[in-house]
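Scroll down for the structure; my scribbles are underneath it.
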Ligand SMILES: [Zn+2]
């Protein structure tokens with residue numbers, strides 16, 4: 001009989017955990033991500049993105065452990081983040097258009113520059129929405145928690161090939177250290 005070759009996740013650390021392969025084998029230390037208490041809720045994050053060269057990628061990050069109390073605060077944190085994302089564009093796009101209108105007054109303005117104006121507007125929108133949404137929520141930090149977040153991203157993997165990796169952001173440092181240990185990730 002073949003030995004049971006369990007697939008190990010391939011993860012590297014670069015500001016956040018970047019799972020290159022075998023996401024399903026990622027191990028979550030069995031304690032609340034925030035307070036270290038008993039695991040009562042397992043959260044999951046559904047990711048979906050369209051890529052030119054890879055098509056539609058759909059991945060679920062599952063098994064993120066929280067206690068009930070922390071999870072209710074994490075849910076508020078997710079709501080705050082969603083609101084901030086919406087506000088970033090609601091505020092940022094009109095500012096971007098405003099900058100474009102100002103730039104158009106200059107005859108030499110190129111199309112590329114117009115794109116830059118829009119990006120600039122969105123960045124300003126991000127800053128303003130951070131000030132009016134994120135900053136106050138930090139002041140109420142006890143009731144609102146930053147959730148574990150996950151994103152898809154196109155990535156050059158260890159073997160040098162381009163592919164899609166899953167970036168996992170663990171806000172609680174001590175838990176991130178434990179997560180690294182159980183998954184065999186060396187932290188810098
Ligand atoms: Zn907890």
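The values are calculated or read from the model by the stated rules, or taken from the named source; none is laboratory data. Predicted model, so just to flag it, every value in this text is computed and none were measured. A quick note on method: Cβ atoms are made from the backbone with ideal geometry, for glycine too, and the neighbour counts reach across all protein chains shown.
Quick look at the numbers
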quantity	calculated
Condition broken by residue 153, with the remaining ones in (1) closer than 30 Å to residue 30 by Cβ; (2) out of contact with any helix residue (DSSP H, G or I) (no Cβ under 7 Å at 6 or more places or on another chain); (3) outside the structural domain of residue 39 (by TED's automatic domain parsing) satisfied	(3)
Given (1) assigned by TED's automatic domain parsing to the domain that holds residue 170; (2) surrounded by 15 or more Cβ atoms within 10 Å (Cβ to Cβ); (3) in contact with a helix residue (DSSP H, G or I) (Cβ under 8 Å, 6 or more places away or on another chain), index of the condition residue 23 fails	(3)
Selection within the range 13-55 - without any contact (Cβ under 8 Å) to a residue 24 or more places away in the chain and over 17 Å from residue 150 (Cα atoms)	52, 55
Residue 43, sole failed condition from (1) in a strand (DSSP E or B); (2) closer than 27 Å to residue 127 by Cα	(2)
Scan of the range 28-59 for residues that are within 15 Å of the ligand (Cβ to nearest atom) and surrounded by 14 or more Cβ atoms within 10 Å (Cβ to Cβ), ordered by number	28, 29, 31, 32, 33, 34, 35, 36, 37, 39, 41, 43
Residue within the range 109-122 that is on the phi < 0 side of the Ramachandran plot, assigned by TED's automatic domain parsing to the domain that holds residue 51 and touching a helix residue (DSSP H, G or I) at 6+ places or on another chain (Cβ under 7 Å) present	no
When residues of the range 60-97 are limited to those that are crowded, with 18+ Cβ neighbours inside 10 Å and assigned to a strand (DSSP E or B), the one farthest from the ligand (Cβ to nearest atom)	61
Yes/no for residue 91 being assigned by TED's automatic domain parsing to the domain that holds residue 17 and either under 22 Å from residue 16 (Cα atoms) or touching a helix residue (DSSP H, G or I) at 6+ places or on another chain (Cβ under 6 Å) (or both)	no
